[in-house]
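Chemist: Structure below; questions to follow.
The values are calculated or read from the model by the stated rules, or taken from the named source; none is laboratory data. A quick note: this is a predicted structure, and the numbers were derived from the prediction, not measured. Positions of Cβ are generated from backbone atoms using ideal geometry, with glycine treated the same way; all protein chains shown enter the neighbour counts.
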Amino acid sequence: MPASPALCGEDMEYAGVDLPVIMVSPSKYELPADGIPSSFSVITEEDIVSTGKVSVKEVLRTVPGLNVVQSGSFGAPTSIFTRGTESSHTLFMIDGVKVFDPTSTNGAFNLANITLDNIERLEVLRGPHSTLYGSDAMGGVINVITKKGRGTPRIWASFEGGSYDTLKEAVGSYGEIKGFSYSAAFTRLNTDGISKADEKYNNEEEDSYENMSFSAKVEYEPYESIRIGSTIRRTEAEIEIDDAGGYNGDDPNRRNTENLTAVSAYLELAMSEWWDASLRWFRMHNERFDKDFSDDVDTNEYLYAKYEGLNTSYELHNTFKLKKFGTLSVGVDYDRQQSDPYLFSVAWWGNTIADTPKRKNHDTGYYIQHRYEIPGTFYAVLGARLDDHSEFSTNDTYKVHAKYIFDWGASIKGGWSTGFKAPSLYQLYDPSNGNSALEPEESETYELGIGQTLFDDKLEAECTYFYSELDNLIDWVLVDPLWFTGQYRNINRAEIWGLENTLFYELADTVDCSYSYTYMETENEATEESLDRRPRHKHALNLTYRPLESLDLNLSYVYSGNRKDRRWVGGTQSQIILGDYHKLDLSARYRVCDNMEVFSRIENMLDEHYQEVDGYGTAGLSVYAGLKAMF
């Protein structure tokens, strides 16, 4: 894909030159994307800018094999299901920092508050990648890569406003000076929002949302063989929420606060022509508050809950370039997580105090991965990993993937991989529901794909079949119906298979079109029902048109088919069907001069009313506009 014109004065040394896309996540070292035999997607900075979207979750909606599910709009909890696996089976990282919520029931990460400012690209890996990343990568990996500072130091500022009294202000700077590079951005977003509980159920109170984010990356290269760097992302969000979806879900006083800090520091050394080594330190601190106070309806109501999670990791990674024998990666990583929850509530049925002691566990992983290639023709990856966990002893995972490219542009790829997910701290240690005897969830996945490029690579098409078996799935089991108490146990098995079809076509120098269709079948073998919130059909279309050198237009379309969800009625749970929906978005960006651009976007142009989670609403037709200036 050719590079777009320089964006509002940014330094684009290679504008107009067709550069290969580089990825890090599949191998933990820089690698051209066309040499990766497994399934992946890359969302570049150019892609992000053209869509006009402001959050990571919105950009990920168009990725094949991914289903983004949000319990309402504007900061509501957001989950991702990769190839039908559970929300906790996708590892989410920011610059390699594993981010998640150690205090949540399954340890999944809430993507709702991660903005797109200061991001260079998103790397999405589909299928198990536990051989490199251990637990939580059983379904896939999403890695957010912070922008590296380049060129003459610059300062920029932007402002945007629109529907629901939404305002977004941002300021940042980037550049490089004598081996030192940096990029940084600060963003503030606030909106009056809409009711989290769907308005069609007579929920009229607006639920506001405020997000303040800071992101930075600094690097120093005193010599060609040494690179020292650090990244940080800090997010503080305050979200008005409701007690539930559906009728009488409104609560005018309930608020959540979420604070996330993700920090990394690294040292990269070129030990010799054939040996590169890196030492990395990661730290994530997640703090969540849930507060509710008495109001005119519920006079005897009070809630104060604090959930604090911490994760610290260390990693030593070595890359050995063996020339005609390929590249060998060998490493060891150590991961330690901690959970500290507290809850005090007052309600009509009584008072509740839960001051659970801090809980910790740790894991040490040893991995090896070999990559062999015949450039332009054959690529293969073999990997293995051994994890030593403080709770369930050892667990081994494996990966074998290969891809062959024929002279006429056709390609075939295939692979087999295994993965695992360690039980969360809540599932292991919660005084009421925990079970310290839990075993890790496990998966085995096969995939086979065929591809074709035509017209000097202007058209690229691929179809990939995948099949996964999930074992030892953890679920909550009702033990005492009278007191409605239960325990987490390894009781479920699931089977998932599907097809991912992708097409990219550069119709002209000014028009790019990408399309994907995902077909997926899921089954919980214990209940013989399909898995919740996974549509059978998903279509995604992205069309970019540049009628003028200074004007970009983008059309984004997503269709999600019918999918099932859970509903509690009279103390019992039943499976219901959520209807399909179409979402069409349009954005435009015009460069007024070298130092200024204006932009706008229309979201949900069809003004469709739909639910991603039963009982929770989504925003209707929305319009936003703003400007960006460079100095």
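Chemist: Being surrounded by 15 or more Cβ atoms within 10 Å (Cβ to Cβ) and of a type outside the set (Lys, Arg) is the filter; apply it to the range 521-536 and report the residue that is nearest to residue 508 (Cα to Cα).
Modeler: Residue satisfying both the conditions and the ranking: 535.
Chemist: The conditions are (1) assigned to a strand (DSSP E or B); (2) touching a Phe, Trp or Tyr at 6+ places or on another chain (Cβ under 6 Å); (3) not polar (S, T, N, Q), and residue 193 fails exactly one of them. Which is it?
Modeler: Looking at each condition in turn, residue 193 falls short on (1).
Chemist: Does the range 254-273 contain any residue that is farther than 29 Å from residue 391 by Cα, touching a Gly at 6+ places or on another chain (Cβ under 7 Å) and of a type in the set (Val, Ile, Thr)?
Modeler: No, the conditions are met nowhere in the range 254-273.
Chemist: Got a number for residues in the range 196-217 being modelled with pLDDT of 95 or more and in a strand (DSSP E or B)?
Modeler: Residues flagged as modelled with pLDDT of 95 or more and in a strand (DSSP E or B) within the range 196-217 amount to 9.
Chemist: Would you check if there is a residue in the range 480-501 being assigned to a strand (DSSP E or B), at negative phi and free of Cβ contacts under 8 Å to residues at least 24 places away in the same chain?
Modeler: There is at least one residue in the range 480-501 that is assigned to a strand (DSSP E or B), at negative phi and free of Cβ contacts under 8 Å to residues at least 24 places away in the same chain.
Chemist: In addition: Could you tell me whether any residue of the range 451-462 is under 20 Å from residue 63 (Cβ atoms), surrounded by 17 or more Cβ atoms within 10 Å (Cβ to Cβ) and of a type in the set (Ser, Thr, Tyr)?
Modeler: no
Chemist: Looking at the range 331-345 only, could you name the residues that are more than 28 Å from residue 421 (Cα to Cα) and either buried (at least 16 other Cβ atoms within 10 Å of the Cβ) or at pLDDT 95 or above (or both)?
Modeler: The answer is 345, and nothing else.
Chemist: Looking at (1) in contact with a strand residue (DSSP E or B) (Cβ under 9 Å, 6 or more places away or on another chain); (2) not hydrophobic (A, V, I, L, M, F, W, C); (3) not in a strand (DSSP E or B), which one does residue 220 not meet, given that it meets all the others?
Modeler: All conditions pass for residue 220, except number (3).
Chemist: Filter the range 349-378 for residues that are within 30 Å of residue 33 (Cα to Cα) and either modelled with pLDDT under 95 or more than 27 Å from the chain's Cα centre (by Cα) (or both) and give the result.
Modeler: 372, 373, 374, 375, 376, 377, 378
Chemist: Can you tell me which residue in the range 29-43 is farthest from the chain's Cα centre (by Cα), limited to those that are part of a strand (DSSP E or B) and surrounded by 18 or more Cβ atoms within 10 Å (Cβ to Cβ)?
Modeler: Out of the qualifying residues, it is 31.
Chemist: Could you check residue 244 against (1) part of a strand (DSSP E or B); (2) among the hydrophobic types (A, V, I, L, M, F, W, C); (3) out of contact with any helix residue (DSSP H, G or I) (no Cβ under 6 Å at 6 or more places or on another chain) and say which number it fails?
Modeler: (1)
Chemist: Determine which single condition residue 49 fails, assuming it passes every other condition in (1) closer than 25 Å to residue 466 by Cα; (2) at pLDDT 90 or above.
Modeler: (1)
Chemist: Would you call residue 461 assigned to a strand (DSSP E or B), within 15 Å of residue 133 (Cα to Cα) and out of contact with any Pro (no Cβ under 8 Å at 6 or more places or on another chain)?
Modeler: no
Chemist: Same structure, new question: Can you confirm whether residue 439 is farther than 30 Å from residue 545 by Cβ, in a loop (DSSP other than H, G, I, E, B) and either touching an Asp or Glu at 6+ places or on another chain (Cβ under 6 Å) or not polar (S, T, N, Q) (or both)?
Modeler: For residue 439, the condition - farther than 30 Å from residue 545 by Cβ, in a loop (DSSP other than H, G, I, E, B) and either touching an Asp or Glu at 6+ places or on another chain (Cβ under 6 Å) or not polar (S, T, N, Q) (or both) - is met.
Chemist: Looking at the range 72-143, what strands (runs of 3 or more DSSP E) fall wholly within it and have at least 1 residues that are of a type in the set (D, E, K, R) and either farther than 18 Å from residue 420 by Cα or in contact (Cβ under 8 Å) with a residue 24 or more places away in the chain (or both)?
Modeler: 119-126
Chemist: Return the pair list, or none, for Cβ contacts closer than 6 Å from residues in the range 360-384 that are touching a residue at least 40 places away in the same chain (Cβ under 8 Å) to residues that are assigned to a strand (DSSP E or B) and among the acidic types (Asp, Glu), at least 6 apart or on different chains.
Modeler: Filtered contacts from the range 360-384: 363/335; 363/387; 365/333; 365/387; 379/373.
Chemist: Looking at 158, 173 in this structure, which one is surrounded by fewer than 19 Cβ atoms within 10 Å (Cβ to Cβ) and either within 26 Å of residue 218 (Cβ to Cβ) or at pLDDT 95 or above (or both)?
Modeler: 173
Chemist: Okay, moving on. Regarding the range 241-257, can at least one residue be identified that is on the phi > 0 side of the Ramachandran plot, among the small types (Gly, Ala, Ser) and in contact with a Phe, Trp or Tyr (Cβ under 6 Å, 6 or more places away or on another chain)?
Modeler: So far as the range 241-257 goes, yes, one or more of its residues are on the phi > 0 side of the Ramachandran plot, among the small types (Gly, Ala, Ser) and in contact with a Phe, Trp or Tyr (Cβ under 6 Å, 6 or more places away or on another chain).
Chemist: Please work out which one of (1) in contact with a strand residue (DSSP E or B) (Cβ under 7 Å, 6 or more places away or on another chain); (2) over 27 Å from residue 100 (Cα atoms) is the condition residue 435 fails and give its number.
Modeler: (2)
Chemist: Yes or no: residue 556 at negative phi, of a type in the set (Ser, Thr, Tyr) and under 25 Å from the mean Cα position of the chain (by Cα)?
Modeler: Values: at negative phi: yes; of a type in the set (Ser, Thr, Tyr): yes; under 25 Å from the mean Cα position of the chain (by Cα): yes.
Against the criterion (at negative phi, of a type in the set (Ser, Thr, Tyr) and under 25 Å from the mean Cα position of the chain (by Cα)), residue 556 qualifies.
Chemist: Taking the range 301-330 as the search range and keeping residues that are outside any strand (DSSP E or B) and in contact (Cβ under 8 Å) with a residue 40 or more places away in the chain, which one is surrounded by the fewest Cβ atoms within 10 Å (Cβ to Cβ)?
Modeler: That would be 323.
Chemist: Also, I was wondering about something else. Being of a type in the set (D, E, K, R) and in a loop (DSSP other than H, G, I, E, B) is the filter; apply it to the range 575-627 and report the residue that is modelled with the lowest pLDDT.
Modeler: Step one: filter the range 575-627 for residues of a type in the set (D, E, K, R), giving 580, 583, 585, 589, 591, 594, 597, 601, 603, 607-608, 612, 614.
Within this subset, residues satisfying the condition of being in a loop (DSSP other than H, G, I, E, B) are 580, 594, 607-608, 612, 614.
Working: 580: 96, 594: 90, 607: 96, 608: 94, 612: 94, 614: 93.
So, considering only residues that are of a type in the set (D, E, K, R) and in a loop (DSSP other than H, G, I, E, B), the one modelled with the lowest pLDDT is 594.
Results for (1) more than 20 Å from residue 63 (Cα to Cα); (2) out of contact with any Asp or Glu (no Cβ under 6 Å at 6 or more places or on another chain), shown as yes or no for each residue.
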residue	(1), (2)
467	no, yes
489	yes, yes
502	no, no
506	no, no
515	no, yes
526	yes, yes
539	no, yes
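Chemist: How many of the residues in the range 364-420 are polar (S, T, N, Q) and crowded, with 16+ Cβ neighbours inside 10 Å? Working first, answer last.
Modeler: Let us first name the residues in the range 364-420 that are polar (S, T, N, Q), namely 364, 369, 377, 390, 393-395, 397, 411, 417-418.
Okay, now just the ones that are also crowded, with 16+ Cβ neighbours inside 10 Å, so 364, 369, 395, 397, 411, 417-418.
Qualifying residue count for the region: 7.
Chemist: Okay, next question. Among the candidates 65, 16, which residue alone is at positive phi, at pLDDT 90 or above and not polar (S, T, N, Q)?
Modeler: 65
Chemist: Now for a different question. List the strands (runs of 3 or more DSSP E) inside the range 530-573, counting only whole elements, that have at least 3 residues being modelled with pLDDT of 95 or more.
Modeler: Result: 537-548, 551-560.
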